[in-house]
1. Using 1/(1 + (r/R0)^6) with R0 = 22 angstrom and r between the beta carbons of L321 and F200, what's the FRET efficiency to the nearest 0.05?
2. Taking 0.36 nm per intervening residue step and subtracting the Cα-Cα distance, what contour gain separates T459 from W188 on full extension?
3. Tell me, what HN-Hα J-couplings in whole Hz come from the Karplus equation 6.51 cos²θ - 1.76 cosθ + 1.60 at θ = phi - 60° for each residue of segment 249-256, using x for Gly and Pro?
4. Using DSSP to call loops (not H, G, I, E or B), can you name the trypsin sites (Lys or Arg not before Pro) in segment 442-505 whose Cβ has at most 16 other Cβ atoms within 10 angstrom?
5. Pop out the ³J(HN,Hα) list for segment 492-504 in order, Karplus 6.51 cos²θ - 1.76 cosθ + 1.60 with θ = phi - 60°, rounded to Hz; leave Gly and Pro as x.
6. What is the magnitude of the charge dipole of segment 398-510 about its Cα centre, with +1 placed on the Cβ of each Lys and Arg, -1 on the Cβ of each Asp and Glu, and no other charges, expressed in debye to the nearest 20?
7. Ranking request for peptides 456-466, 360-370: highest mean number of other beta-carbon atoms within 10 Å first, then the rest in descending order.
8. Provide, for segment 398-510, the number of lysine pairs with alpha carbons under 25 Å apart, each pair being eight or more places apart or on different chains.
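Rule-based calculations on the coordinates, nothing more; no lab input. As the structure is a prediction and not an experimental result, all values here were calculated from the model. All Cβ positions, glycine included, derive from the backbone under ideal geometry; neighbour counts span all protein chains shown.
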Amino acid sequence: MVKGPGDPAHAAQPQQGAPGAAAPAAVDVDRTIPVPPPIHVEPPRHVPGVGAGQPGAQPGGYTPLVGQAYAPGPVGPAPAVAARGGYGPGGYGPAGQGAQPPHQVRPPQPGPVVVGQGYNAAPFANAPAGHRPPLGSSVADDNDVTIEPATRHKNHAATDDDKPLTTFGELKLIFKDFLKKNEKVIWWLHTAYALSLGAFVATFAQKGFERARMLTLSLAAAWLLVVFFFRFFGTGTKQDFMTAWPGMRRRFFVMTYLMKNLFQGMLFFLLPFYWKSSSVEAKTYTVVGFLAACAILSTLDLVFDRVLFRSKLMASLFYGLTLFGCANLVIPALLPNTPILVTYLVATGLSIATFFLFHVPFSTLKKPIAAGAFGAVIVLGVLFAYSARRAMPPVPLTLKEAGVGPSLREDGSLSMEIRTLRTGEVGDLFAVTDVQVVGNAEHFKHVWRHDKKVLSHETAEAAPASGKGVVRVASRLPKGELPSDPEGKYTVDVLTDGEQIVGRVVFEIKP
């Protein structure tokens with residue numbers, strides 16, 4: 001049995017390393033572990049605040065540690081002990097509480113018992129009795145945390161909830177409860193409000209094309225907001241992280257609200273102009289339908305916040321489409337004599353470049369390969385747009401009057417507009433179209449077709465239109481140019497110099 005520090009036999013043993021010390025080290029017969037005789041061991045010192053019987057107390061009063069591996073240092077001479085201040089009276093105290101002679105054997109450091117990671121009993125072989133794990137125990141395999149780590153306790157100071165509510169506080173709680181219960185209804189009411197506002201903007205846009213210049217400011221403001229929005233809130237799941245704080249969430253909703261109003265104003269402002277420039281017969285209404293869908297999506301708050309502006313890809317695509325639609329209207333408003341085809345191609349290139357600049361920094365474009373790829377993508381996009389120019393309405397041109405008849409009046413208008421003719425009554429046919437233009441850069445022509453086959457025709461002399469900014473185009477289809485079987489469907493297309501369709505007149509000859 002191991003002798004304790006208070007045993008007389010233990011105290012009478014000579015110190016190892018002292019003059020005349022010839023006795024071998026004592027052996028713990030019960031545990032068969034060699035134990036060097038401690039020089040001077042006092043009863044274990046308790047850590048203040050953790051006494052015997054208290055939760056977490058260990059033999060010797062050492063506070064258990066969680067999540068830290070521990071192994072005692074090697075046993076041997078420790079000449080630097082005195083320089084550090086030595087050990088305390090109990091042999092294990094901090095430096096400055098009693099130094100050991102430099103020639104003494106350094107006693108083992110039992111240290112705190114580690115909880116939660118397990119330890120091996122072998123390194124504790126030289127530890128004093130009472131500081132070693134018992135033989136045959138499963139301490140080395142015990143990974144269960146038996147004592148929770150210390151945690152900071154919250155300051156249970158009086159909060160706002162503990163204070164009596166004022167009248168303002170009660171109203172605030174009632175308002176929050178009302179919003180929580182009627183959240184979906186409020187969102188739909190706001191959507192209805194946004195649609196009503198969009199209808200008002202569309203009505204306002206019909207009063208004059210000159211107001212289209214205001215789109216320039218809206219485009220610039222929307223671009224800045226989109227750039228700063230993703231700079232502050234990020235994209236994807238990063239938005240969820242950033243908006244977890246109430247202050248950041250408020251900034252998020254303020255910026256999205258401003259962007260929604262800008263996009264709604266721009267898109268609804270475009271709709272009347274694209275509608276007037278589109279032709280159902282020529283099937284150029286696809287673009288106006290797409291812009292109308294974008295305008296409606298911009299009024300849906302949940303779709304705008306959680307779909308369109310959830311990722312930078314969707315937001316940049318949405319902005320690029322809006323920019324394309326606005327540029328076709330803004331460029332003629334700022335530069336009235338720009339040809340419509342040039343406007344269309346410039347708007348296409350500008351929207352493609354803006355889309356990629358949301359994702360590609362300017363520093364990357366300094367590299368020749370990146371700059372070449374960037375330019376090649378824009379050129380390919382412009383070429384594709386040119387090939388599809390006949391499907392694009394020539395905004396802001398509008399077909400005011402159009403028809404086909406048997407003769408012309410002195411003022412240049414038709415004496416009669418017809419939609420159906422009989423074969424026995426067909427003579428020379430005249431087509432007259434009045435086009436509302438911007439500037440003087442466009443020239444127009446007629447193309448007559450019978451069942452998609454082009455017919456030869458002549459230019460007809462007609463008095464100019466009386467309206468401001470209205471260009472009249474007249475042509476004549478001689479009776480001799482009619483096919484041998486004249487029955488069928490006929491069309492007269494009004495084309496620009498770039499072969500974009502301004503409008504189409506349809507009539508039919510029946511037997």
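1. Numbers: r = 23 Å, r/R0 = 1.03.
The calculated FRET efficiency here is 0.45.
2. On the way: separation 271, 0.36 × 271 = 97.56 nm, distance 5.58 nm.
Fully extending the segment from T459 to W188 adds 92.0 nm.
3. Ordered by residue, 3J(HN,Hα) equals 5, 5, 5, 4, 5, 5, 5, 5 Hz.
4. Numbers: sites: K445, R449, K452, K453, K468, R472, R476, K479, K489, R504; in loops: K452, K468.
The qualifying sites are K452, K468.
5. Once rounded to whole Hz, the list reads 10, 9, 9, 10, 7, 4, x, 6, 8, 8, 7, x, 9.
6. Values: 15 positive and 18 negative charges, 47 e Å.
Its charge dipole is roughly 220 debye.
7. Details: 456-466: 13.9, 360-370: 10.6.
Highest to lowest by the protection proxy: 456-466, 360-370.
8. Lysine pairs meeting both conditions in segment 398-510 amount to 17.
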